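Trainee: Before I ask anything, let me first share the structure, which is written out below as structure tokens.
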């Protein structure tokens, strides 16, 4: 017999389990909409119960119920009655996963493809895990090998972290002179002093098209991300001398392309 605290951990289904197994078996073969609708109705209390567990995270409960309902539909469609597993045992993790994905998507400040979101989270997990395992900072190549991705994809995923949250317009603006106390809103509506450089940037972009992917990556990390050569070497898993050579070779190519244009 379950203790009172254990009884509160899962919602009561309150229906004939034999009937449910029969309906799930029939739906698995027929995909009849009326059967799925009836199964959904049977589990609405489960949907509400799981949605309520996330009610204190700033999202309307009604929205969470809709998300949980989508998870329930996925569970019904994917459930295999022949495996002998209770449906509720299969459905609850599926519903919870749908709710957690919803919060994960809501956390990104800009719309990022789901594949890159998942890769970004996986990169962070693997970087931390490998660092503990190896006792040192890991390279991009080591993470890429572990995740079965390319180095370019890993670097792109690492840079996605800045898309996960936004700053308030009242937040202090980045400035060398901290005493000014300017905010981001103070800079809105001002003339862009770099506008006249737009043509130069366009020419530079075309010149960079003459570089191979590795050279473009080095130029991007060195002059756009403003990373030191030591950090670029660490990320790419090569020596600083190799990065220096790649940078010099890329600059020569860019200069030649600019002179030819």
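Trainee: By how many nm would the segment from residue 100 to residue 62 grow when fully extended, if each residue of separation counts as 0.36 nm and the alpha-carbon distance is taken off?
Mentor: 12.1 nm
Trainee: Hey, another quick one. Taking R0 as 41 Å, what FRET efficiency do you get between residue 33 and residue 137 from their Cβ-Cβ distance, rounded to the nearest 0.05?
Mentor: After rounding, the FRET efficiency stands at 0.15.
Trainee: From Cα pairs below 8 angstrom and at least 6 apart in sequence, can you work out the relative contact order of the range 9-106, rounded to a whole percent?
Mentor: 28
Any read-out appearing in this document is the output of simple, stated calculations on the displayed coordinates, not a laboratory observation. All of these numbers come straight from a predicted model, not from anything done at the bench. Positions of Cβ are backbone-derived with ideal geometry, glycine not excepted, and every protein chain shown enters the neighbour counts.
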